[in-house]
Structures are given as C-alpha cells and as structure tokens.
C-alpha cells in the first residue's frame, strides 16, 4: 500500500525497473535509475542538514533532474518548493525568505541567478546541482550526487499528512502565498486522476506545465503511481507550436494536459495536418475557458481522442471534470466544468454561505481529500479560505472556498462564470490584480494606478493598466513595464499601460473601475505601450 508520494517511484521501480519513467530532449531515465538517483539525493540532502519538515527549493529549467529533485527532496523528509525559473530575483527572495528555505536544488544554467540569490538571501546554506566559488554557501554538483554509492534513502517517520510540497501563487497584498500540500492530498489527487483517466504503465503523459504551476502535479505524480512514462517538454517548445506538435507525434504521447492556449496554438500554427497523433487517446485541458470554435475544430481533427475539461484551484489540485461530447457546429456556449468527482462534496452558496437553488449563481465550496492543508505562515488566510460546517453536534466538515462563481445546470453539471474577487487567469496562471497594482505603486514616479483584465476573442485574457504619474514625472509606459518585470513574473506584466491625468471617480472619491475600463478602452485603441 502506498501512503507517501515517493513510494510510487519505488513501487514502479520494483514492477517496471527497465521501463522509462521520464524523457527529456530524447533522453530517458528508467524507474530503477530514478529510484537510485532519488535515494542518493535524499541521502546527500540529509548529510547537508535537511531534516523532516524542512522546505527545499527547486530552481531548475525543465530537465530530467526535475523529477529527481522532486522525489529526492520528499525522500529526505522535506517539502519541495518550486521556484519559477523566469521570475525576477526580488520575487524569488520573497518566497525563499517567507518559506525559510536553506537548501536549493538547481543546475549550471541557473548559476548566475543562484549567485544573485545568495547575495540577496543570507539564510541559504547549500546549493545542490552546480559548483560555487568564492562563497560561504556549500555546493555539491550533480556529478558528485550521482557518483555516490547506491543505498536506501534515509529512514524517516513520515506520515501521509506531513508536508510534501508548497506551491506559491499570486497574493493580493503583493506578497506571494504558499499552498501547503501533504502526501495525502497529492497522492489522493494522483490516485483519483489515474482512476478517472485510466492511466496505466503503457501511457505516455505530456508534461507541458512548469513545476511551479499546479497542473504539473498530474504528470509528476500520476505517472510514477501507474508506472507510466512522462515526457518533460522543454520550455522552448511551448513557444514553437510546430515543434511542439511534432514532439507529440514523435514521442507517441497518449495523454495531453495543458491550458487551452497551448492546444489552440498547435491547432492554428502547429502544421497539424502533417502530424500523426493517432496515439493520443485523451486531451485534458483546464485553467481557463476553451473557445468553443477552437475546441470544436480540434475535436474534429482528432476524432479518436477523448476530451475533458478539468477544474480545480491549486488549493485542491483538481475537483471536477467534464467529458466533452462532440460539439455541434451551431453551439458556441461555454463548456461546463462538470461535477465534483467521487469521494468529494461540493456546495454552491450565496454570500451568507447558504445553499442556492439549482440554476442560481453562487460560490463553489469543495470538500475533498485532494485539498491543501492551508497557507504557509498565514493562519489569517487559512481561516478565511475555509468554510466549516458543523456536523454531529461537535465535528466539522471543512470546505475550501474557491472564490469561483458557478451555476448548476439542469443536468447537474456546473458552469464556471468567473471570480468573486479581483483574481484573473492569464494563460492558466492565477494573477491578483491587486499585486500588479502594488508593484506599480512601488515606482517612485507613480501616483495612482489601476489594472483590469480584458477578454480576448480566443478565450484568453490580457492585463492592462492605467497610471497617473506624480507632478513633473517623465517616465514612459515601457519604463514602467521594465520596472514591473523586476517584481512580477512575465505573465503578470500588463500588455499595455496607458498614462492618464486623472481617473473617473465615484461620489465617495474611489476609482470608478467600470468607467475607467470603458474610458481606457477608447484611449488604448490609439495608444501604444
């Protein structure tokens, strides 16, 4: 019986030792080798001072080492914390210091950034994956790790409710917030997804999402649980639709999982008429709505493939799915997110936490074993993020407040209608508009600013910002973008920034955001930036 996530790797190593666990850039690693290398990394981390419950950062571009890092860290009894390889140093510093990270697993391509992190984060003690010079921080290369003698990982008294990983997302105050997931929540998700989508050791899963994006947990957890092969897609391919569609063909991928944007790009620019995707049996998409016309066109091109719309905030991994039937030519309605899956419960409630009637709009609350433990170091956010329902007089059923508005359709399926707050999805990534505004406010020449999201015709959205400068300021929109790039990940930087002399106001003096958005839309038609 598997109770901890790393046990899945060891079990598959026993059952399928010579079967490839991971592939990257044409190179593969078997389950037997993955088990050996993760054991070695776990022992090395233990020697370097990692203890049960510690948080260890993963600062890697996509590679085979990604999987070794994930499972090696967990085998050492620690929780892995993915660090966005494209994020500015200032943001990574916030995560490292907030989470108390002392050890980082990295590799040579990040050497320059690691040196910057060391200078900015005095709490760092050890970096695994590259050689450092002229620094007091200890370092161990991957070559040294791999040359260690074979042996078991450290013996630990871990339980299924101990932390397995912490994933950070945008925070409304400008400070990222870390979602604490346990071995139980991660393994529950892996088992549920493997069961729903029928994953076996013969499957070849796509890993399109980066480690710091919650979608990656399906590929990295369900694959080893079932002995499947996970194809780690290099970052460069995500910007090259033709190369990506060829990789799906050449690697004979059987299950694809990504945001709709990646699929739309391959549909429109991936030369799909020349590709053989006959091995692909299931396409999973989520994180944002899939434009009906593009979904219909892709389903017509892949008649042998099943399609499912999956839903779930990172706090619960995933909690609903909808198996998409063939889409009629005259249907342009949004695809439902489906029903809450087995062994879980969903409530649709009003602003007073009272259940609404079917057909009425309300917030979705979810109770599921795939749910996070809470937010790292933020008991206030944790308390606000959960709804507690009294049961049996003194017990509690705990539900996560998704913040998403849904409507129950006549057939029982749920339709996603948007957010209650100012959080938006940009290509699947969660962005708090308040965080963007906080970052803009840090610029010394910015007096006031406001941001909003605009929907695009393809179902995606972009962020735009409007700024009032301080008297005498002469900063440009491009300079403001450059400032934001040092504080925010690339997807959170507004596509356009408009400079204005004043904002429309309500009678109370607050920014009239609805009027501002309409006013800015007119102005942006003729403005650059």
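Residue 318 - would you say it is outside the structural domain of residue 364 (by TED's automatic domain parsing), part of a loop (DSSP other than H, G, I, E, B), modelled with pLDDT of 90 or more and crowded, with 22+ Cβ neighbours inside 10 Å? Against the criterion (outside the structural domain of residue 364 (by TED's automatic domain parsing), part of a loop (DSSP other than H, G, I, E, B), modelled with pLDDT of 90 or more and crowded, with 22+ Cβ neighbours inside 10 Å), residue 318 qualifies. For the range 454-498, filtering for residues that are surrounded by 14 or more Cβ atoms within 10 Å (Cβ to Cβ) and assigned to a loop (DSSP other than H, G, I, E, B) leaves 11.
Scanning the range 12-31 for residues that are assigned to a helix (DSSP H, G or I) and surrounded by fewer than 18 Cβ atoms within 10 Å (Cβ to Cβ) gives 14, 15. Of the residues making up the range 328-345, those that are within 30 Å of residue 190 (Cβ to Cβ), free of Cβ contacts under 8 Å to residues at least 60 places away in the same chain and in a loop (DSSP other than H, G, I, E, B) are 335, 344.
Which one is surrounded by the fewest Cβ atoms within 10 Å (Cβ to Cβ) among residues in the range 40-60 that are touching a helix residue (DSSP H, G or I) at 6+ places or on another chain (Cβ under 6 Å) and touching a residue at least 60 places away in the same chain (Cβ under 8 Å)? The residue in question is 44. Across the range 261-274, the qualifying residues are those that are in contact with a helix residue (DSSP H, G or I) (Cβ under 6 Å, 6 or more places away or on another chain) and surrounded by fewer than 18 Cβ atoms within 10 Å (Cβ to Cβ), and the one among them that is nearest to residue 305 (Cα to Cα) is 271. Go through the residues of the range 300-307 one by one and say whether even a single one is touching a helix residue (DSSP H, G or I) at 6+ places or on another chain (Cβ under 9 Å), crowded, with 21+ Cβ neighbours inside 10 Å, part of a loop (DSSP other than H, G, I, E, B) and modelled with pLDDT of 95 or more. No: the range 300-307 contains no residue that is touching a helix residue (DSSP H, G or I) at 6+ places or on another chain (Cβ under 9 Å), crowded, with 21+ Cβ neighbours inside 10 Å, part of a loop (DSSP other than H, G, I, E, B) and modelled with pLDDT of 95 or more.
Results for (1) within 17 Å of residue 61 (Cα to Cα); (2) not in a helix (DSSP H, G or I), shown as yes or no for each residue.
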{"site": "71", "(1), (2)": "yes, no"}
{"site": "101", "(1), (2)": "no, yes"}
{"site": "110", "(1), (2)": "yes, no"}
{"site": "144", "(1), (2)": "no, no"}
{"site": "158", "(1), (2)": "no, yes"}
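Selection within the range 410-448: residues that are in a helix (DSSP H, G or I) and surrounded by fewer than 21 Cβ atoms within 10 Å (Cβ to Cβ). The member of this set that is farthest from the chain's Cα centre (by Cα) is 441.
The single condition among (1) assigned to a strand (DSSP E or B); (2) over 25 Å from the mean Cα position of the chain (by Cα) that residue 451 does not meet is (2). Please work out if residue 81 is outside any loop (DSSP other than H, G, I, E, B), in contact with a strand residue (DSSP E or B) (Cβ under 7 Å, 6 or more places away or on another chain) and closer than 30 Å to residue 14 by Cα. Answer is yes for this residue.
Filtering the range 141-155 to residues that are out of contact with any helix residue (DSSP H, G or I) (no Cβ under 6 Å at 6 or more places or on another chain) and buried (at least 17 other Cβ atoms within 10 Å of the Cβ) leaves only 142.
The values are calculated or read from the model by the stated rules, or taken from the named source; none is laboratory data. In this text the structure is predicted, and so the values were computed from the model without any measurement. In this analysis, Cβ positions are derived from the backbone assuming ideal geometry, glycine residues included, and neighbour counts consider all displayed protein chains.
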